[in-house]
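Worksheet: one structure, shown below.
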Amino acid sequence: MEEISSSQPDDDLLGLAEAPELFVEGYRGALLRGGVVKLNLFTSLLENSPRRVRKRAVARLAMPVEDFLEVVAALSALRDDILAARETGDAP
């Protein structure tokens, strides 16, 4: 299985080792206000009584629109790499 990663170097990113890692299954709601994009990120929780799956907010991502567009472009490129790897059977 091949590893697919971003091409941006992260050696100048301070605090990376200490940064929390969030597991996100999706987003519920996006807002653009005052040049800032906000996304409400969630994961799913199983509740026992009554037995149901609910969405739990794990973070609110907020960033300037220009940075958001840059992240979207990078994620789109990563998506393309993943889809290409799936076609060749090399996807993780």
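Note on the range 45-76: residues that are within 26 Å of residue 33 (Cα to Cα) and either among the charged types (D, E, K, R) or touching a residue at least 60 places away in the same chain (Cβ under 8 Å) (or both) amount to 7. Checked against the criterion of being in a strand (DSSP E or B) and either charged (D, E, K, R) or surrounded by 10 or more Cβ atoms within 10 Å (Cβ to Cβ) (or both), the range 11-27 contains one or more residues that satisfy it.
Rule-based calculations on the coordinates, nothing more; no lab input. Please read all numbers here as calculations on a predicted model, not as lab measurements. All Cβ positions, glycine included, derive from the backbone under ideal geometry; neighbour counts span all protein chains shown.
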